[in-house]
Amino acid sequence: MAAAFAGIVTFDDELLDARSEQAIMAAAAGPGRQRVASFRAANGFIAQRTGAPNASTARSLLFAADVRLDNRDELRAALGDAGPARTDDAGLLLAMIARFGDAGIARCLGAFAFAQWQADERRLLLGRDCLGHRSLFYHRGDGFVAFATTLGGLLALPRVPRQLDDIALANFLAINLNASEETLYRGVVRVPSRCVVDIDRRGAARRHYWSPRRDDAGKRRDGDYVEEARARFDEAVLTVSRDLPRLAVSCSGGLDSSAIAATLARLGHAQSIDCYTIVPPPGSAIDVGERRYYDETDKVEALAARYPALNLHLMSPPAPHPYESDPTRIFARSHMPYPGPTVLGGHGALYDAVAAAAYPALIAGDAGNLCLTWEGRFSIRALLREGRWRELAHELSAIGARKNRNLARTVFAEVVLGGAPLWLRRVVHRMRGRDPDAVERYSALNPVFIADNDLARQWREQAFEAWPLPVGWDAAQFRARGLFDINQMGRDLKAASVDVFGYERRDPYADRRLIEFALNVPERLYRRDGVDRAFARAVFADRLPPEILNEQRRGISVAAWFQRLDARRHDLGAELERLEASATARRLIDLKRLKGMVEDWPADADEARVKRNAYIGALQRAMHVGHFIRWVEGANA
């Protein structure tokens, strides 16, 4: 369980008063008012849940860490005789920092956020693990820095502002995930994943302490990569589950989560593994097209038939979840809106069931698509760059046949558009009749706000694309950025899972050792004979049933989304009226458009499918963000 902490340090000789210390302790305790311990050093105060801050070794040093290390034995060996007398994870992390600096942090695998105050030097060091499994935020004020592992904890501290940042909210509505340090609150900054932030009275300096290793891919036989992938995946699954007395898996019919469930069963770690799957309401049927499938039931049942240890929970909630109609509980515990409120509501019953069963963690496969189950979208570019002409011709033909494209269209889509610079892709979009800056097909961001704040120019400078593609020529670089750098807010939300839902969220695909291996597998192996995710299919051929292994369509994450939205139709009009009373909501959200969408309601689920982007993206996300704005403004009143 996470050990959240909060603290304040000052660069002058200002003494912290009792009121400030009480506020820090309350912030660390969190919404559950858990027990905390507090420690002081010169000009510094830290409070942390579940025992003493880890660890104050002298009056001139404060160190707190919310940490779970996955390679303890390796770190103890690296420290040798210089290892700490204490053997807990926080003590190991502190010793690695003291002995090796940034290189020591880089050798620590697992989940962590830490704060180290060196009072003699008046220097604060904040750090976060490479995937962002733990969160950390701070605010630099006049002569002080406040920090906390939760947004709510930091916003509760004295002299920390709680004002929303309009530009950050606009980028959130536009699904611009490029922001590294900025949060939705002015003056509140995050420590990004795989970064440390060094702060003294002169300012703050951020740096990466680790970058993924790049090997000369392709030097081994193809079969060797498959065998090593199996071993590394087994290791990653064991790592996230070894300290869990009971196992719960969010399981779908796709390759990612089904492989986790199958591997847990094969490892024999538990006699019973609870697998939770969202399925459509009984008797419902929607045309989702040739490339999608509607129901996961047959796939997860085939998986359970192969592994008796898997205990299936097929869940089909018939009504909207409270997260959809009144998400204030989510806001109160995370202090953030969710980028996918439809998925949040659609899976709300699953989250509730896991919490009610008191599982300490839910295991899921969130990072799989950029890790081991990568689809191989750069395979043609890789074959072209490597001069594998025979394979290139074969794959171009196979991909064209599967996607019903001729050779010219296949080359254009796979090489020209994906590998072109941003300016050329923008030209192509205009030639196709698309505005390259247009976000309205999936976002209700007010076009007046976009124009008044010159957001289109800012987006171009940030290389944000409203029509995103896997771009460039280096697949590993593209994937690494997605795994380690972009969507920092999404990492914050997962890190907040303990406070929001009551349990940690763990993902074996987010194991750094597995990721580093997967990034060095030759790109040509990920898509073969025109089949996406070919490498994962080969890796998991020893553990998955054909119903999953051979499926090339994609599942619908929340198949019954329209039925759930339709049940709230009349409430949406009332909420839009409430949003009209908020100046911030009026500035940011195209409320007139949303009212028109409510009036022009789809007749049924099939009609709604054609307008999916507008109703899931523009309408539901905007209503969720609008509710968040009203919640913050109400709390600030």
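Criterion applied to Ala476, Ala480, Ala438, Ala444 was being over 13 Å from Asn178 (Cβ atoms) and over 24 Å from the mean Cα position of the chain (by Cα), and the one residue passing it is Ala438. Annotation: of all residues in the range 584-636 being farther than 18 Å from Val343 by Cβ and among the β-branched types (Val, Ile, Thr), the one that is modelled with the lowest pLDDT is Val610. Scanning for something within 24 Å of Asn613 (Cα to Cα) and in contact with a strand residue (DSSP E or B) (Cβ under 8 Å, 6 or more places away or on another chain), does the range 285-292 turn up at least one residue? Yes. None of Arg194, Arg201, Arg214 is more than 17 Å from Arg524 (Cβ to Cβ), within 29 Å of the chain's Cα centre (by Cα) and either in the same structural domain as Asp256 (by TED's automatic domain parsing) or among the charged types (D, E, K, R) (or both) except Arg194.
Taken over the range 560-595, the criterion of being in contact with a Phe, Trp or Tyr (Cβ under 9 Å, 6 or more places away or on another chain) and assigned to a helix (DSSP H, G or I) is satisfied by Trp561, Phe562, Leu565, Asp566, Arg569, Arg587, Leu588. Screening Gly433 with (1) out of contact with any Phe, Trp or Tyr (no Cβ under 7 Å at 6 or more places or on another chain); (2) small (Gly, Ala, Ser); (3) under 30 Å from Tyr615 (Cα atoms); (4) surrounded by 14 or more Cβ atoms within 10 Å (Cβ to Cβ) gives one miss only, at (4).
Residue under question is Phe137, and the condition is that it be under 30 Å from Phe449 (Cα atoms) and of a type outside the set (A, V, I, L, M); does it hold? Break it down stepwise before answering.
Working: under 30 Å from Phe449 (Cα atoms): yes; of a type outside the set (A, V, I, L, M): yes.
The answer is yes for Phe137.
Only one residue in Leu514, Leu544 is among the hydrophobic types (A, V, I, L, M, F, W, C), crowded, with 20+ Cβ neighbours inside 10 Å and in a loop (DSSP other than H, G, I, E, B), so which one is that? Even if it seems obvious, please write down each step before you answer.
Details: Leu514 fails: in a loop (DSSP other than H, G, I, E, B).
Just a single option satisfies the conditions, and that option is Leu544.
For the range 463-470, does any single residue satisfy the condition of being under 30 Å from Arg221 (Cβ atoms), in contact (Cβ under 8 Å) with a residue 60 or more places away in the chain and either outside any loop (DSSP other than H, G, I, E, B) or within 19 Å of the chain's Cα centre (by Cα) (or both)?
So the first thing to find is which residues in the range 463-470 are under 30 Å from Arg221 (Cβ atoms), and the list is 470.
From the residues that got through so far, the ones that are in contact (Cβ under 8 Å) with a residue 60 or more places away in the chain too are 470.
So of that shortlist, the ones also either outside any loop (DSSP other than H, G, I, E, B) or within 19 Å of the chain's Cα centre (by Cα) (or both) come out as 470.
Yes, the range 463-470 contains a residue that is under 30 Å from Arg221 (Cβ atoms), in contact (Cβ under 8 Å) with a residue 60 or more places away in the chain and either outside any loop (DSSP other than H, G, I, E, B) or within 19 Å of the chain's Cα centre (by Cα) (or both).
Looking at Gly223, Gly218, which one is at pLDDT below 95 and part of a helix (DSSP H, G or I)? Let's see the steps before the verdict.
Numbers: Gly218 fails: part of a helix (DSSP H, G or I).
The conditions single out Gly223.
Being in a helix (DSSP H, G or I), touching an Asp or Glu at 6+ places or on another chain (Cβ under 6 Å) and in contact (Cβ under 8 Å) with a residue 12 or more places away in the chain is a property that Ala259 lacks. Confirm whether Ala585 is touching a helix residue (DSSP H, G or I) at 6+ places or on another chain (Cβ under 6 Å), assigned by TED's automatic domain parsing to the domain that holds Leu314, buried (at least 20 other Cβ atoms within 10 Å of the Cβ) and of a type in the set (Gly, Ala, Ser). So Ala585 does not fit the description; no.
From the list Ala3, Ala37, Ala52, exactly one residue is at pLDDT below 90, closer than 15 Å to Leu136 by Cα, small (Gly, Ala, Ser) and outside any helix (DSSP H, G or I). Which is it? Let's see the steps before the verdict.
Details: Ala37 fails: closer than 15 Å to Leu136 by Cα; Ala52 fails: closer than 15 Å to Leu136 by Cα.
After applying the criteria, what remains is Ala3.
Of Leu525, Leu469, which residue is in contact with a helix residue (DSSP H, G or I) (Cβ under 6 Å, 6 or more places away or on another chain) and either modelled with pLDDT of 95 or more or within 27 Å of Leu151 (Cβ to Cβ) (or both)?
Numbers: Leu469 fails: either modelled with pLDDT of 95 or more or within 27 Å of Leu151 (Cβ to Cβ) (or both).
Result: Leu525 is the single residue among Leu525, Leu469 that is in contact with a helix residue (DSSP H, G or I) (Cβ under 6 Å, 6 or more places away or on another chain) and either modelled with pLDDT of 95 or more or within 27 Å of Leu151 (Cβ to Cβ) (or both).
Looking at Glu290, Glu296 in this structure, which one is in contact (Cβ under 8 Å) with a residue 24 or more places away in the chain, crowded, with 18+ Cβ neighbours inside 10 Å and closer than 18 Å to Gln552 by Cβ?
Testing whether each residue is in contact (Cβ under 8 Å) with a residue 24 or more places away in the chain, crowded, with 18+ Cβ neighbours inside 10 Å and closer than 18 Å to Gln552 by Cβ leaves just Glu296.
The values are calculated or read from the model by the stated rules, or taken from the named source; none is laboratory data. Because the structure is a prediction, the values reported are computed rather than measured. Glycine also receives a Cβ, built like all others from the backbone with ideal geometry; neighbour counts cover every protein chain displayed.
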